Amino acid sequence: MEEDQEHCGRPTYDLIILGASGFTGKYVVREALKFFNVPSSPLKTLALAGRNPTKLAQALTWASRPNPPPSIPILTADTSDPSSLRRLAAQTKLILNCVGPFRLYGEPVVTACVDSGCDYLDICGEPEFMERMEATYHDKAVEKGSLVVSACGFDSVPAELGLIFNSRQWVSPAAPNLVEAYLSLESDKTVVGNFGTYESAVLGVANADKLQELRRSRPRRARPVIPGPPPPKGKVIEHQEKIGLWAVKLPSADAIVVRRTLATLTENPSGLLGANESAEQIEKRKIFWSSVKPAHFGVKIGSKSLLGIYRFITVGLFMGLLGKTSFGRWLLLKFPSFFSLGWFRKKGPTEDEVTSASFKMWFVGHGFSDCSLVSKGNMKPDMEIITRVMGPEIGYLTTPIILLQCALILLSQRNNLPKGGVFPPGIVFGSTDLQERLQENGISFDFISKSALSV
């Protein structure tokens, strides 16, 4: 174990993983070790950080097996101790923050990164935290050259890249009007989620009013121009026959994060200017974003049985009703397995449960075969394109894969990314090779079908 080193000049580390001994953190460490000191990888120096050095060492041993743990520095830092976070940020190019819930523990880490000018990625899926960080720190992050990107895990990269992938299948003069994502979680065993994810969802209900208050206090963002009328509300429970799922609306961060990316793209139609891009890279970026067509976007959770949908609705009712009071939240957090009908438990899933789980996210796009039809009064979509994103278990396998690939892009292609600022992942990584990297690491993007709709 090595002690903290004060930063002088060049950062000591390429990357520090904060919260490396947590449920998700140890899987992030395991994923990072695959790319550590590999000849083609930009990850040459790595450190782990957290409150408890003993637990961090145990996490490193677990993540390294069956090999002995490599000699990686273990640094002590606590989100309640700003000076320890400043020391971390001063020593590294990039911090991967795995300490949630982020609305409780995230802001001090963002503060330290922005103040020192180091970059920051996290796996947050909490809209209020993300939008508050943007409102509070964006201008200073631009000034300091700190790139702050939340939602670099299953929340919300599959939704962001999945929408972009679907939208690019609409070749002009065709254009989408509505793309809906249908999430199906699959497993040979019981699907069990991380307690931290559950806790974040419970606190999200409690903070819903704060999010609305924050939005009212900020200038309205630009809205993308989408051909055709806004889509109708639709049924509460839907049967999507083409993909074999019953579905109900999922109040996740994905749709909110996608809307932030589309708003940023509307304000910057050629994407975000890189810190030091070549003329060739600028042209490549402009061509990519010109092929992305905005659409209304929503997310639904799917099940092969109607009984599964009623189970989703029951858990949603528990959270919605009990999450609004402190006593209700205490009940939800004290008895997670009961109120989530077995989907979440404090000790998390077993390794067998993790390896047996997977996800499919279907993107069903409805739009127009010819945009000019809309101006002629044909207001009903006449075309459907279905695509799919598919990968391993969402919290412990897919999330670390995505987070590490975002980190490797940031380390190897920093000049092509914005100098600084607080952004959603889609607008930062959409025009990079992130999709190709994910496909090489077990997350697939597939074109399924294209068909005419009866008008």
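Derivation of every value follows stated rules applied to the coordinates shown; laboratory data play no part. None of the values given here were measured: they were computed from a predicted structure. All Cβ positions, glycine included, derive from the backbone under ideal geometry; neighbour counts span all protein chains shown.
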Next on the checklist: Let me check against my output: what whole-number percent is the relative contact order of the range 333-455, with C-alpha pairs under 8 Å and at least 6 apart?
Outcome noted: 30
Checklist entry - Under a Cβ-Cβ cut-off of 14 Å, what is the net charge of the residues other than MET130 that fall near it, where Lys and Arg count +1 and Asp and Glu count -1? => result -1
Checklist entry - Quick one: Cα centre-to-centre distance for the range 58-73 and the range 238-298, in angstrom? => result 38
Next on the checklist: For Cα pairs less than 8 Å apart in space and 6+ apart in sequence, what is the mean separation divided by the residue count of the chain, i.e. the relative contact order in percent?
Outcome noted: 22
Checklist outcome for this item: Taking a label point 7 Å from the Cα of ASN37 along Cα-to-Cβ, the residues of the range 62-103 whose backbone nitrogen sits under 13 Å from it are 68-73
Next on the checklist: Could you tell me how many cubic angstrom of Cα convex hull volume the range 251-390 has per residue?
Outcome noted: 233
Next on the checklist: Just to compare against my own numbers: the Cα pair-distance distribution for the chain, 20 Å bins, whole % per bin, please.
Outcome noted: 25, 59, 16, 0
Checklist entry - For the chain, what is the mean residue ellipticity at 222 nm derived from helices alone (per DSSP H run of n ≥ 4: -39500 (n - 2.57); sum divided by total residues; nearest 500 deg cm²/dmol)? => result -12000 deg cm²/dmol
Next on the checklist: Explain nothing, just the number: relative contact order of the range 225-311, from Cα pairs under 8 Å at least 6 residues apart, as a whole percent.
Outcome noted: 44
Checklist entry - What trypsin sites (Lys or Arg not before Pro) in the range 32-74 are in a loop by DSSP, with at most 14 other Cβ atoms within 10 Å of the Cβ? => result LYS34, LYS44
Checklist entry - Helix by helix, which DSSP H runs in the chain go 18 Å or more along their axis at the Cα atoms and have an average Kyte-Doolittle hydropathy of 0.5 or more? => result 306-322, 399-412
Checklist entry - Between PHE327 and SER369, what length comes free when the chain is fully extended (0.36 nm per residue of separation minus the Cα-Cα distance, one decimal in nm)? => result 9.8 nm
Checklist entry - What's the extension gain from GLU186 to ASN67 if we count 0.36 nm per residue and subtract their Cα-Cα distance? => result 39.8 nm
Item to check | Net charge contributed by nearby residues that have their C-beta within less than 12 Å of VAL236 (K/R +1, D/E -1) | outcome: +3
Checklist entry - Antiparallel DSSP bridges in the chain: what percent, to the nearest 5? => result 55
Checklist outcome for this item: The summed charge of the VAL28 Cβ neighbourhood (under 13 Å; Lys/Arg +1, Asp/Glu -1) stands at +1
Checklist entry - the range 287-386: which GluC sites (Glu not before Pro) are DSSP loop and have at most 13 other beta-carbon atoms within 10 angstrom? => result none
Checklist entry - On full extension of the chain, what length is gained from GLN212 through LEU317, given 0.36 nm per residue of separation minus the C-alpha to C-alpha distance? => result 35.7 nm
Checklist entry - Quick one: Debye curve from the C-alpha atoms of the range 114-217, no solvent, what's log10 I(q)/I(0) at q = 0.11, 0.18, 0.21, 0.22 Å⁻¹? => result -0.53, -1.11, -1.19, -1.21
